[in-house]
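**Student:** This is the structure I have questions about; it appears just below.
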Amino acid sequence: MANDSLPPNQRRFFLTIVLGGISAVLSVAAGWPVFRFLSPASGGGEVKPVEMPRAKIDVGGAQFFTYHGSPAVVLQKSAGEFVAFSAVCTHLGCIVKWIPDKEEFLCPCHAGRFSTDGAVLGGPPPKPLKSIPVVLAGDLLRIG
């Protein structure tokens, strides 16, 4: 029975290989989300404008939607006057919220405030919200 046991150096080598493999798998599992977060979004081919009925947005109201894979918002400032912006705050990338009582966008992360034109009203954001072109086509809004 004494012949069935392995020498200590072979056991150590086996354990080193097993632990190295487990460490590699865990490193990849932990690093993948970081890599996806830091890598740019794929272009995805031809980009089409977003269409939505103008009746969906009340005067003074906002409608959030997805534009090129990112959150965006369209706002009817006054009757027939539509503007659209990226809904991503220019400070740290949080999603802004529309506050109808104050008629401004608010970033919930660090209290950045934006006007109905996308300009910075207060807080830490360094730049205004990115504007997206809006075209009226009958009863439809063509955004982008």
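**Student:** What's the total number of residues in the stretch 109-127 that are of a type outside the set (S, T, N, Q), in contact with a strand residue (DSSP E or B) (Cβ under 6 Å, 6 or more places away or on another chain) and closer than 17 Å to Ala72 by Cβ?
**Tutor:** The total comes to 2.
**Student:** While we're on this one: Residues that are surrounded by 15 or more Cβ atoms within 10 Å (Cβ to Cβ) and either aromatic (Phe, Trp, Tyr) or part of a loop (DSSP other than H, G, I, E, B) (or both): does the stretch 134-141 have at least one?
**Tutor:** The answer is no, given that none of the residues of the stretch 134-141 is surrounded by 15 or more Cβ atoms within 10 Å (Cβ to Cβ) and either aromatic (Phe, Trp, Tyr) or part of a loop (DSSP other than H, G, I, E, B) (or both).
**Student:** Return the only residue of Thr66, Thr116 being in a loop (DSSP other than H, G, I, E, B), at pLDDT below 90 and hydroxyl-bearing (Ser, Thr, Tyr). Even if it seems obvious, please write down each step before you answer.
**Tutor:** Details: Thr66 fails: in a loop (DSSP other than H, G, I, E, B).
Unique residue meeting the criteria: Thr116.
**Student:** Sticking with this one: Return a yes/no flag: does the stretch 30-40 have any residue that is at pLDDT 80 or above, of a type outside the set (A, V, I, L, M) and over 30 Å from Gly69 (Cα atoms).
**Tutor:** Pass one, the stretch 30-40, residues at pLDDT 80 or above: 30-34.
Next cut, of a type outside the set (A, V, I, L, M) only: 31-33.
Remaining after also requiring over 30 Å from Gly69 (Cα atoms): none.
Checked against the condition, which is being at pLDDT 80 or above, of a type outside the set (A, V, I, L, M) and over 30 Å from Gly69 (Cα atoms), the stretch 30-40 yields no hits at all.
**Student:** When residues of the stretch 92-108 are filtered for being touching a Leu at 6+ places or on another chain (Cβ under 9 Å) and over 20 Å from Lys77 (Cβ atoms), how many remain?
**Tutor:** Here the count works out to 0.
**Student:** Quickly run through the stretch 71-111 and pick out the residues that are of a type in the set (Val, Ile, Thr), part of a strand (DSSP E or B) and in contact (Cβ under 8 Å) with a residue 12 or more places away in the chain.
**Tutor:** First, the residues of the stretch 71-111 that are of a type in the set (Val, Ile, Thr): 73-74, 83, 88, 90, 95-96, 99.
Imposing the further condition that a residue be part of a strand (DSSP E or B) reduces the set to 73-74, 83, 88, 95, 99.
Passing the criteria: Val73, Val74, Val83, Val88, Ile95.
**Student:** Regarding the stretch 36-45, can at least one residue be identified that is of a type in the set (A, V, I, L, M, F, W, C) and either outside any loop (DSSP other than H, G, I, E, B) or surrounded by 12 or more Cβ atoms within 10 Å (Cβ to Cβ) (or both)?
**Tutor:** Within the stretch 36-45, the first condition is being of a type in the set (A, V, I, L, M, F, W, C), and the residues that meet it are 37-38, 41.
With either outside any loop (DSSP other than H, G, I, E, B) or surrounded by 12 or more Cβ atoms within 10 Å (Cβ to Cβ) (or both) added as a condition, the list becomes 37-38.
Looking through the stretch 36-45, at least one residue is of a type in the set (A, V, I, L, M, F, W, C) and either outside any loop (DSSP other than H, G, I, E, B) or surrounded by 12 or more Cβ atoms within 10 Å (Cβ to Cβ) (or both).
For every residue, the table says whether it meets (1) of a type in the set (A, V, I, L, M); (2) surrounded by 10 or more Cβ atoms within 10 Å (Cβ to Cβ).
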position	(1), (2)
Pro8	no, no
Phe14	no, yes
Leu19	yes, yes
Gly80	no, no
Val88	yes, yes
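The values are calculated or read from the model by the stated rules, or taken from the named source; none is laboratory data. Only a predicted model underlies this, so the values are computations on that prediction, with no experimental measurement involved. For neighbour counting, all protein chains shown are included, and Cβ atoms are generated from backbone atoms with ideal geometry for every residue, glycine included.
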